[in-house]
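To start, the structure under review is shown below, and the notes come after it.
Where a number appears in this text, it was derived from the coordinates with a stated rule and is not lab data. Treat the numbers as computed from the prediction; the structure is a model and nothing was measured. For neighbour counting, all protein chains shown are included, and Cβ atoms are generated from backbone atoms with ideal geometry for every residue, glycine included.
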Amino acid sequence: MSWAAHEFENYFIQKHIGTKASFLGVVIGAQLPDMFTKAFVYAADDAAAFHRGWPGVGFSHSLLFGVVFAVAILGITKSRAWALGVLIGHWAHVLTDVADTAGVMLFFPFSMEPLTISMWKHAAVEGRYGDAAAYYSSLGGVWDLFWLAVTLIFAWRTLTASYFRDVVIPADPRVWGWIHRTFRLPERALLLLYQGLMFYGIGRMVAWFLYARFDAKTPFQPSWGGPEYIAGNDISDSGWVEVLIRTGIGGVLFVAFMWAGWRLFGRRLWQRGYDVPAAVRGPGIHAILELPSSKRRTVGAEPV
């Protein structure tokens, strides 16, 4: 699991999706795998197996779990931007979590074999504080720092007011407009809300790193598969050949399932959805607020 990289990745993703997907959808999608399960993980007898395996809640870290949520959102809201955002955010989280020793059941239920590169140890067995200390004593903390650097170097424009005004709001004017009207937030406050996820990630990373160094006083061991003071917790005993075979079979079945689902109902559901018409997009919150109230209610209501 990652403690801050998921927050930083959202802005890097935003750079590439532009107005095609909702940033807020990406954020929610990135939180989905652990949103309803993390509290139970720390209380489990075998935290790693419960978190990423089956039986347990490991299905939340599968690609299909994100697809199910995205399809549900598309069916309920008809918003392609939100469905796509949730799917991208969820898949980004899942692929990042391949890095710890527990891995993820990427193609569940077609394969229950966890896929992992064992970059750092999954340490939920140590409890929340012990987990954080172990993470920031391993390459996990380096991973967070890496994604912070990548975002600030290659996606820094996504943090600017002009980008927020010209790209983020026009991609999702209904929700940003609702937040503005409901909570009476000016555009500057909305910008701070948008940027706040970055500051939250930085604060979380710094605070937990300092906790690990000066309170928990755990040894800093940024080596592959560290930290060494945590016992190994790989939830699979399979060799790499067996893992590749099972994962490959699961991947083929997953692709076949997705193709069949698209042909049977996915295409029609997507066609019934809508994108925000370019004609009603504008700079900043004015993309929605300057419309007459009757048009405001119908923005995106017609399929395109």
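Data for the structure
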read-out: Exceeding the 24 Å Cα-Cα cut-off - candidates Lys20/Lys78; Lys20/Lys121; Lys121/Lys217; value: Lys20/Lys121
read-out: 222 nm mean residue ellipticity, helices alone, for the chain (DSSP H n ≥ 4; -39,500 (n - 2.57); rounded to 500); value: -17000 deg cm²/dmol
read-out: Local electrostatic count at Ala5 - Lys and Arg +1, Asp and Glu -1, tallied over other residues with Cβ under 12 Å; value: -4
read-out: Relative contact order (%) - criterion: Cα under 8 Å, at least six apart; region: the chain; value: 25
read-out: The chain, dipole about Cα centre (Lys/Arg Cβ +1, Asp/Glu Cβ -1), debye to the nearest 20; value: 1640
read-out: Degrees separating the helix 240-261 axis from the principal Cα axis of the chain, which is the longest one; value: 20
read-out: Stretchable slack from Arg263 to Val150, in nm (0.36 nm times residue separation minus alpha-carbon distance); value: 36.9 nm
read-out: Alpha-carbon centroid distance for the pair the stretch 128-144 / the stretch 191-209, whole angstrom; value: 17
read-out: Mean Cβ count within 10 Å, highest first, over the residues of peptides 217-228, 76-87; value: 76-87, 217-228
read-out: Amide H partners (placed H, <5 Å) of Gly226, local residues excluded; value: Lys121, Leu139
read-out: Crossing angle, helix 187-210 versus the chain [Cα axis fit, 0-90 degrees, rounded to tens]; value: 10
read-out: Tilt relative to the chain, helix 63-77 - C-alpha long axis, 0 to 90 degrees, to 10; value: 20
read-out: Which labelled figure in [x] 60, 25, 17; [y] 36, 25, 14; [z] 47, 29, 18 is semi-axes √(5λ) of the Cα gyration tensor in Å, once derived from the coordinates; value: [y]
read-out: Reach of Lys15 by Cα under 13 Å, taken over aspartates and glutamates that are not fewer than 8 positions away in the same chain; value: Asp166
read-out: Residue among Val241, Val71, Val276 with the largest mean-square fluctuation in a Gaussian network model of the chain, springs linking Cα atoms under 10 Å; value: Val241
read-out: Arg184-Val255 FRET efficiency (beta carbon distance; Förster radius 45 Å; 0.05 resolution); value: 0.45
